[in-house]
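Notes follow once the structure below has been shown.
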4 protein chains.
Amino acid sequence: MTTRAEALEALARCSNAGRWGADDQLGTLNLITPDKRRRAARLVREGVCVSLGGDIDTVQRPLNPHPARHLMHLERDLPDTLHDSIALDVHGVGTHLDAVGHVYVDGIGYNGRRQDEVVTNDGLLANGICAMREGIFTRGVLLDVAAAAEVHWLEADRTVTAADLRSAETLAGVDVEPGDAVFVHTGLERRAAPGDPADLVARAGLGLDAVYWLRDRDIAVYSGDCVERLPISGPVLPLPLHQIGIAAMGLALLDWPRLTGLLAACAHYGRAEFLLTVAPLRIPGGTGSPVNPVATF
Amino acid sequence: MTTRAEALEALARCSNAGRWGADDQLGTLNLITPDKRRRAARLVREGVCVSLGGDIDTVQRPLNPHPARHLMHLERDLPDTLHDSIALDVHGVGTHLDAVGHVYVDGIGYNGRRQDEVVTNDGLLANGICAMREGIFTRGVLLDVAAAAEVHWLEADRTVTAADLRSAETLAGVDVEPGDAVFVHTGLERRAAPGDPADLVARAGLGLDAVYWLRDRDIAVYSGDCVERLPISGPVLPLPLHQIGIAAMGLALLDWPRLTGLLAACAHYGRAEFLLTVAPLRIPGGTGSPVNPVATF
Amino acid sequence: MTTRAEALEALARCSNAGRWGADDQLGTLNLITPDKRRRAARLVREGVCVSLGGDIDTVQRPLNPHPARHLMHLERDLPDTLHDSIALDVHGVGTHLDAVGHVYVDGIGYNGRRQDEVVTNDGLLANGICAMREGIFTRGVLLDVAAAAEVHWLEADRTVTAADLRSAETLAGVDVEPGDAVFVHTGLERRAAPGDPADLVARAGLGLDAVYWLRDRDIAVYSGDCVERLPISGPVLPLPLHQIGIAAMGLALLDWPRLTGLLAACAHYGRAEFLLTVAPLRIPGGTGSPVNPVATF
Amino acid sequence: MTTRAEALEALARCSNAGRWGADDQLGTLNLITPDKRRRAARLVREGVCVSLGGDIDTVQRPLNPHPARHLMHLERDLPDTLHDSIALDVHGVGTHLDAVGHVYVDGIGYNGRRQDEVVTNDGLLANGICAMREGIFTRGVLLDVAAAAEVHWLEADRTVTAADLRSAETLAGVDVEPGDAVFVHTGLERRAAPGDPADLVARAGLGLDAVYWLRDRDIAVYSGDCVERLPISGPVLPLPLHQIGIAAMGLALLDWPRLTGLLAACAHYGRAEFLLTVAPLRIPGGTGSPVNPVATF
């Protein structure tokens, strides 16, 4: 993406503004219909749940400057009970679900809402995480881009394209459908041998045509170990998944999932589809929530 | 409950120590088998999700002395995005799932673990919330004790008995089975007219024989607007659900749910059973986690 | 103040930009010279210290939406010691010292520094509270405007003028000199009968000519129970003490002091001057610090 | 110290219980009399202030597992002002003043107060930091033990003795008197070449006879880069400065000062005595407070 004109065109091409009414705050989660949920529930065959969340990270790192703070409390009134508190950055390195009001382009967010009109000191007046309070219940599909590309991991300077996603779809043996949640795997965890994945700043990311693919296939939820290409390049739409996906499409982005268990389960059960359940904390005005997504096979 | 001998007998009667092996940290969630999950998934008929969580409470009250602190962050690097953080007491008035290591009697917790051996400044070495990382996926059953008693709400000096639960079960038209999650409704929210439910300190609670019933029916998850009778009475087992349920049985307690939507959905769909999904945040060493449980019909 | 031209003139009239060099971050604290400190030390005659700070406020109120959070910690390693933590908003209702980088007008702060150049996600690159790390050590003077006006308290719609300050100076029997810290008393604590001072939003404030007086007299530190008139009126320079005092003059503002003990001590010792010591916490990049100022007689 | 009998004798020998009345919560700060303050004020000759506090540490380290969290806030109502918050562990690696209620031996703290009677979930009912609300204003004396021992730094296995303190006193050319604040320098900062002082766990500490010396000389405030010998040795009184000093004597311990500036100033001005001012935040029930102590020459 090089020009501003192209950026505007991309935003317009993908925008879901008005698609579900002027009042909508739910974005692509509208694509998860009751029928979609019923069919997703039928994917539960083995009756096994797999967490897709990471442990809350209390270690300070370059990508985690404000680590979560977990404190055990002194308890005098009820000494036979233990109490604690947790403080965390919602959009830190932990697994979290972004609200559609998390991102803006030129001050405009999902469904045409202006940043300066919806943001207060206390949070979002609209497009906040509470709009997603009923949670996500849909089919999840693993798109193993690394496996489809026959590599252990994608190098950091790689851009994931629509063709990559299609190849992974073919490998999965599943036709991705409207309302699905896709989990893209590029092998980032395998690159992390010497350190922690959280420290790997440079990384592959989704390209513009991959975002178009998400829009054209009416994906409801995007997740995976590949989000934006880092370090970012260029001043125009450097973060296409956030800027086009969240701000224009209203895409539900499930960031920083942990895919290890999912890969193992898909291999074990011989299928790439499963029931996905995610339920954000109801943080009034929140721009997202820490979550522990679960795949059920 | 009046004597210490009776208390010890009650603990012994209900204990699940050793039932699932000396290493077990999962407690009654072991009762949720793969087959149980498969059958629970089949309860999804209308394809509708209902949140059972309350909004995170940022208002200071008598029962919420440390309200959650939600802060919007200054963001200079990426001004078109919004960031925030949240700090909260895990066992405050918000909807949360207790770890089995939350409670002890005479220093002994679930599966015979000693409080002084498993607790550190950083949290639990065993019986922590991460043991429940794969979440809860089972049948939920609404037991409307208030409706069965033909009252709008139970008075604060009331103890909910096993007979109450059986009456509610009959009214529900559902046979409660091992591995189920029960949601007891006593109408607490209706008593709250002048103030907030959180301010209603005095309240009905489960009696000892009701806890026995939970044990005898092999309930996996207890939830509801009725937990312990407050204010507590007597020095011996004043908190039977916590002391016998959590410490002896290893019962998964889902505290402070919001039942309004559940009641409406059960009435609307004409049934008291549904799929329950709950996924605690993976807080290492944590004694519980804030959650947003979801009922799917 | 009605017009923007007048506002610009007021800012220019009071600006200390460049006065102590282009690199200066200390503002009016430069007016406290070694000789000034020596003379201030000689004010210690009775050898009595009086705190001018309030208790850290852990109660949520309209003016204190995020009360301080004081938590006692579980301590297993050293059970014979107690540990705790404190979290607080620097510019909340507690007694605090503002850094000169706390305020900007049209994006310009003290000594001509641009807000967008000195502010990062982690705090101030210049004009932060650490510039004041050596603390304040100077003469303090009580200016009892209420007493001079022969009222118990100034009404909320009152503006404190230069004439008010001069009358109070006369009453004090002290000639205010360059480098002094002035403590203005308008009797706000007496208006607070039904509630807490913190809840009294409407209040008297300094007028423009009073700010001029601070500048003309080369006051180093301003403090008192009278800061800005609230609710604010008009779009142009609604907060003259902050906008002209801090942003243009680089005035050290010691906000939310507690004057009760000071009034009693001044009455008891029969003088309105004393040694003032204040030492901000060294918060890197901080826009201020909670403090406990002390008057020594 | 090897036997429990000796420990009890040491505690009895140094105890100040009852010395200033049964209600006293101030401990050795009682030794700072009005006359002491007057004379301390006269030490201000050059009129120069030197901070003895360190920067608040936001970096996670072995000795700082919960680093301070400094957050800049989004500010929409007053965009020309900056707001922030700070959260910190009071007894972390930052410069702080301990309350006398911070430490207990066999459950007994300063002035015979029982830990189980004065501690609540919200903090101390007595012996808390607010007892010191009027701050510390006294003579400070630098005791350069390293210089007196003619070494750059004391090795980690060294115990500082009363003889060391006397030698340093001689070198200082100052007679330490009742009510003084002593600052012991052992050169810890010079040992820190490869890392940070905060990471140097192993370190020299005060021995029992040095604590006796503090008691016999009626020191009001102890500070320095030498506190307890680490790692601790033995089960009986492993932390003599805390256990005898704070719990028995009620000594004001000013922990984690930064001495670099003090050393330079003492060398520059050719004297080891100065005015010390310290003012803890008024944290109700707090076991201590972060502070920025100041030496004025």
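The values are calculated or read from the model by the stated rules, or taken from the named source; none is laboratory data. What you see is a predicted model, and the numbers here were worked out from it, not measured in a lab. Neighbour counts are summed over all protein chains in view; Cβ atoms, including those assigned to glycine, are modelled from backbone coordinates with ideal geometry. The protein model used for the area step is the full one, side chains on, heavy atoms only, and it has no ligands, DNA or RNA in it. Shrake-Rupley method; radii C 1.70, N 1.55, O 1.52, S 1.80 Å.
Among the residues of the range B:57-66, not a single one is at the interface with chain A (Cβ under 9 Å from one of its Cβ atoms), in contact (Cβ under 8 Å) with a residue 24 or more places away in the chain, open to solvent by less than 40 Å² (accessible area, probe 1.4 Å) and not in a loop (DSSP other than H, G, I, E, B).
C:L125 meets each of the listed conditions (1) buried (at least 22 other Cβ atoms within 10 Å of the Cβ); (2) at pLDDT 95 or above apart from (1). For the range B:101-118, filtering for residues that are crowded, with 24+ Cβ neighbours inside 10 Å, within 11 Å of another protein chain (Cβ to nearest Cβ) and not hydroxyl-bearing (S, T, Y) leaves 4. Just one residue in the set B:T138, B:T170 is among the polar types (S, T, N, Q), assigned to a strand (DSSP E or B) and more than 30 Å from A:T58 (Cβ to Cβ); that residue is B:T138.
Selection within the range D:70-100: residues that are more than 21 Å from D:D23 (Cβ to Cβ) and charged (D, E, K, R). The member of this set that is surrounded by the most Cβ atoms within 10 Å (Cβ to Cβ) is D:D84.
Go over the candidates B:R217, B:R258 one by one and state the one that is within 14 Å of another protein chain (Cβ to nearest Cβ) and of a type in the set (D, E, K, R).
That would be B:R258, the only listed residue that is within 14 Å of another protein chain (Cβ to nearest Cβ) and of a type in the set (D, E, K, R).
All of (1) assigned to a strand (DSSP E or B); (2) of a type outside the set (S, T, Y); (3) facing another protein chain (nearest Cβ under 7 Å) hold for A:D77 with one exception: (1).
Among (1) in a helix (DSSP H, G or I); (2) more than 7 Å from every other protein chain (Cβ to nearest Cβ), where does D:R38 come up short? Every condition holds for D:R38 apart from (2).
Which of the residues that make up the range C:201-238 are surrounded by fewer than 22 Cβ atoms within 10 Å (Cβ to Cβ), under 16 Å from the mean Cα position of the chain (by Cα) and at positive phi? Selection gives C:D218 alone. When the range C:284-297 is filtered for residues that are in a strand (DSSP E or B) and either aliphatic (A, V, I, L, M) or under 12 Å from D:N292 (Cα atoms) (or both), the ones remaining, listed by number, are C:S289, C:P290, C:V294, C:A295.
Taking A:E177 as the residue in question, decide whether it is open to solvent by 40 Å² or more (accessible area, probe 1.4 Å), in a loop (DSSP other than H, G, I, E, B) and within 13 Å of another protein chain (Cβ to nearest Cβ).
On the way: open to solvent by 40 Å² or more (accessible area, probe 1.4 Å): yes; in a loop (DSSP other than H, G, I, E, B): yes; within 13 Å of another protein chain (Cβ to nearest Cβ): no.
Against the criterion (open to solvent by 40 Å² or more (accessible area, probe 1.4 Å), in a loop (DSSP other than H, G, I, E, B) and within 13 Å of another protein chain (Cβ to nearest Cβ)), A:E177 does not qualify.
Results for (1) closer than 16 Å to C:C14 by Cα; (2) more than 9 Å from chain D (Cβ to nearest Cβ); (3) within 12 Å of the chain's Cα centre (by Cα); (4) at pLDDT below 95, shown as yes or no for each residue.
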position: C:P194; (1), (2), (3), (4): no, yes, no, yes
position: C:D199; (1), (2), (3), (4): no, yes, no, yes
position: C:L241; (1), (2), (3), (4): yes, yes, yes, no
position: C:L262; (1), (2), (3), (4): no, yes, no, no
position: C:G286; (1), (2), (3), (4): no, no, no, no
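Count of the range D:80-109 residues, restricted to those that are of a type outside the set (F, W, Y) and not in a strand (DSSP E or B), is 15.
Residues to consider are D:L254, D:L281, D:L241, D:L275; find the one that is closer than 23 Å to D:V118 by Cα, open to solvent by less than 30 Å² (accessible area, probe 1.4 Å) and in a strand (DSSP E or B).
On the way: D:L281 fails: in a strand (DSSP E or B); D:L241 fails: in a strand (DSSP E or B); D:L275 fails: closer than 23 Å to D:V118 by Cα.
Of the residues listed, the single one that is closer than 23 Å to D:V118 by Cα, open to solvent by less than 30 Å² (accessible area, probe 1.4 Å) and in a strand (DSSP E or B) is D:L254.
Looking only at the range C:1-16, filter to residues that are in a loop (DSSP other than H, G, I, E, B) and more than 20 Å from the chain's Cα centre (by Cα); which one of those is farthest from C:R271 (Cα to Cα)? Can you show your working first?
Residues of the range C:1-16 that are in a loop (DSSP other than H, G, I, E, B), as a first pass: C:1-3, C:15-16.
Okay, now just the ones that are also more than 20 Å from the chain's Cα centre (by Cα), so C:1-3.
Details: C:M1: 36, C:T2: 39, C:T3: 41 Å.
Once the filter is applied, the top-ranked residue is C:T3.
Scan the range A:150-167 for residues that are under 14 Å from A:C226 (Cα atoms) and buried (at least 16 other Cβ atoms within 10 Å of the Cβ) and the total you get is 10. With respect to the conditions (1) in contact with a Pro (Cβ under 7 Å, 6 or more places away or on another chain); (2) closer than 19 Å to C:L154 by Cα, C:D218 lacks only one, and its number is (2). Comparison of B:G21, B:G47 shows that the only residue that is assigned to a loop (DSSP other than H, G, I, E, B), more than 7 Å from every other protein chain (Cβ to nearest Cβ), open to solvent by less than 60 Å² (accessible area, probe 1.4 Å) and at pLDDT 95 or above is B:G21.
Quick one: would you say C:T81 is of a type in the set (V, I, T) and under 24 Å from C:V221 (Cβ atoms)? Talk me through it step by step, then tell me what you get.
Values: of a type in the set (V, I, T): yes; under 24 Å from C:V221 (Cβ atoms): no.
In short, no.
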